[in-house]
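Chemist: Please read through the structure below; I'll follow up with questions.
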Amino acid sequence: MGPTAARQISDPDDLAFAGLRRQAELVAAGELSARELVESSLRRIEAAQPTLGAFRCVRADAALAEADDADRRLSAGERLPLLGVPVAIKDDMDLAGETTAFGCAGGFEPKSDDGEVARRLRAAGAVIVGKTNTPEIGQWPMTEGAAFGATRNPWSLDHTPGGSSGGSAAAVAAGLVPAAVGSDGAGSVRIPAAWTHLVGIKPQRGRVSTWPDPEAFNGITCIGPLARSVEDAALLLDAIAGNRPGDAHRPPPPAEPFAATAPARPLRIALSLRIPFTPAPTRLDPAIRAAVERVAHLLERLGHHVEEADPRYGLVGASFMPRSTAGVSEWVKRVPEPLHLDPRTHENARLGRRLRPLLGFARRLERPVQRQIGRIFRRFDVVLTPTTAQPPLAIGAIDGLGGWKTDKLVTAACPYAWPWNVVGWPALNVPAGLTAGGLPIGAQLLGPANGEPRLLSLAAQLEANERWHRLRPAS
């Protein structure tokens, strides 16, 4: 590390939590080598893995070789947005030389090619240090499974970081990497972001390519960033956004980079605490209600008009269930040893096969659901809701439960996120504080189609007042 960097960041923890943009700036300025930065990340991963369990695989040798190559390119004058900076991706995205097990046990074959997300990260100069844990086929909002054990929350090792992108969230929250990529099929980026004090973005459907799949889970799953700040999340979104031939969804590109989003103008914001349809008794935790209402009051003080109003969700569940369960049944076919799968995975796959005849109807239902939910944007620019109904669940909360009891528990905890996967519009979690017991909770900003810039500008305004990125877990 050069002398300037040593003066600016004297504590290894300060470097680890400096953020994506700051780490990139240090490397680009020659104040820190890419190898030093990647070595620091790998040391933290190795130290944390036995207790945190964030990673399914770590590419130590390959990452160091790529860091050395980044240093050579930097010495030659090359500059890229993330050149030499370590990041991680979730284990449902292809990375050449590694398997894509998606939380499942068994002898998967290593991939010969990068998926589009990995390709774009490399094109931006990032060093992918590893792939992060996820529950089987991303089905639950906790990251636990027979294939890898439990991924734990850096804020409390007795609690889950959420799921299904829990490994990516835990890695960022613990300062193992400055940012990571997850996927969101029913809140799987936003829920772990809420439960680990991060910014998590579910972008517009198709904003980030899911290639080699033309779409993921019949269009409900999107890929998005997890980071400690809005700026870092936007920078990572810029790096991974874009399409390639064969993508099923190709939204119009933004007018400017997401990281250059203008400050928020006064907006009309709907505060919605109503819980969308859920098959189980569901109650909003009073601490989360208070936290989201506090965010609403802050937005009013910042000059926005906030009014209680609820989207009309209608038949959104009738579109979601066939698409999600059919996605599980399709993914099960990729598993080389399905006998090792959780009985609940087989149960969901069977349901998906039974509902497959309704898949066409479920897809056609999306348009009227969009019209019905979208009516709220005639009066409002953004919808503010809780991200989850409950604080982080305890590790092992679903152990030994049957399928129906598992579904009741997880839908009661996380009923707010999934409708936006049906409509395909952008959504963003912001940290909303900590419970009395020190557990993170989040608030959700929801926008209309292609509304990421508006959500990012509003989140950045909140962050400038809340300064949540300065808070770190003690564990």
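The values are calculated or read from the model by the stated rules, or taken from the named source; none is laboratory data. Note that the coordinates shown come from a computational prediction; the quantities given were computed from them, not determined experimentally. Counting neighbours? That spans all protein chains shown, and the Cβs are built from the backbone with ideal geometry, glycine included. Just the protein is used for accessible areas: all its heavy atoms, side chains included, with ligands, DNA and RNA removed. Shrake-Rupley method; radii C 1.70, N 1.55, O 1.52, S 1.80 Å.
Chemist: Can you tell which of R367, R371, R470, R454 is of a type in the set (K, R), under 26 Å from R265 (Cβ atoms) and open to solvent by 10 Å² or more (accessible area, probe 1.4 Å)?
Modeler: R454
Chemist: Taking the condition in contact (Cβ under 8 Å) with a residue 12 or more places away in the chain, in contact with a Gly (Cβ under 6 Å, 6 or more places away or on another chain) and within 25 Å of G424 (Cβ to Cβ), does V332 pass?
Modeler: No: the conditions fail for V332.
Residues checked against (1) part of a loop (DSSP other than H, G, I, E, B); (2) buried (at least 24 other Cβ atoms within 10 Å of the Cβ):
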| position | (1), (2) |
| --- | --- |
| C104 | yes, yes |
| P110 | yes, no |
| D113 | yes, no |
| A118 | no, no |
| V129 | no, yes |
| I137 | no, yes |
| A147 | yes, no |
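Chemist: Just one of the numbered conditions (1) among the acidic types (D, E); (2) surrounded by fewer than 23 Cβ atoms within 10 Å (Cβ to Cβ); (3) part of a loop (DSSP other than H, G, I, E, B); (4) touching a helix residue (DSSP H, G or I) at 6+ places or on another chain (Cβ under 7 Å) is not true of E98; which one?
Modeler: Among (1) among the acidic types (D, E); (2) surrounded by fewer than 23 Cβ atoms within 10 Å (Cβ to Cβ); (3) part of a loop (DSSP other than H, G, I, E, B); (4) touching a helix residue (DSSP H, G or I) at 6+ places or on another chain (Cβ under 7 Å), E98 violates only (4).
Chemist: Taking the stated definitions as given, is A227 touching a Gly at 6+ places or on another chain (Cβ under 8 Å) and within 21 Å of R22 (Cα to Cα)?
Modeler: Answer is yes for this residue.
Chemist: For the stretch 419-451, give me the residue count where each residue is open to solvent by 30 Å² or more (accessible area, probe 1.4 Å), in a loop (DSSP other than H, G, I, E, B) and closer than 30 Å to G53 by Cβ.
Modeler: 2
Chemist: Of the residues in the stretch 234-275, how many are open to solvent by 20 Å² or more (accessible area, probe 1.4 Å), touching an Asp or Glu at 6+ places or on another chain (Cβ under 8 Å) and in a helix (DSSP H, G or I)?
Modeler: 1
Chemist: Being at pLDDT 95 or above, open to solvent by less than 40 Å² (accessible area, probe 1.4 Å) and not aromatic (F, W, Y) is the filter here, so list the residues in the stretch 1-27 that pass it.
Modeler: Across the stretch 1-27, the qualifying residues are L15, A16, A18, G19, L20, Q23, A24, L26, V27.
Chemist: Kindly provide the set of residues from the stretch 339-362 that are open to solvent by 40 Å² or more (accessible area, probe 1.4 Å), touching a residue at least 12 places away in the same chain (Cβ under 8 Å) and closer than 13 Å to A147 by Cα, ordered by number.
Modeler: H340
Chemist: List every residue pair whose Cβ atoms sit under 8 Å apart, with the two residues 6 or more apart in sequence or on different chains, where the first one lies in the stretch 44-67 and is open to solvent by 50 Å² or more (accessible area, probe 1.4 Å) and the second, anywhere, is among the charged types (D, E, K, R) and assigned to a helix (DSSP H, G or I).
Modeler: Pairs that qualify, where the first residue is open to solvent by 50 Å² or more (accessible area, probe 1.4 Å) and the partner is among the charged types (D, E, K, R) and assigned to a helix (DSSP H, G or I), are V58/E46.
Chemist: If you take the residues of the stretch 276-293 that are of a type in the set (A, V, I, L, M, F, W, C) and open to solvent by 40 Å² or more (accessible area, probe 1.4 Å), which of them is farthest from L235 (Cα to Cα)?
Modeler: F277
Chemist: In the stretch 374-395, which residues are charged (D, E, K, R) and open to solvent by less than 50 Å² (accessible area, probe 1.4 Å)?
Modeler: If the condition is that a residue be charged (D, E, K, R) and open to solvent by less than 50 Å² (accessible area, probe 1.4 Å), then D381 is the only one that fits.
Chemist: Please verify whether P311 is over 30 Å from G145 (Cα atoms) and touching a Ser or Thr at 6+ places or on another chain (Cβ under 8 Å), treating the condition exactly as stated.
Modeler: The answer is yes for P311.
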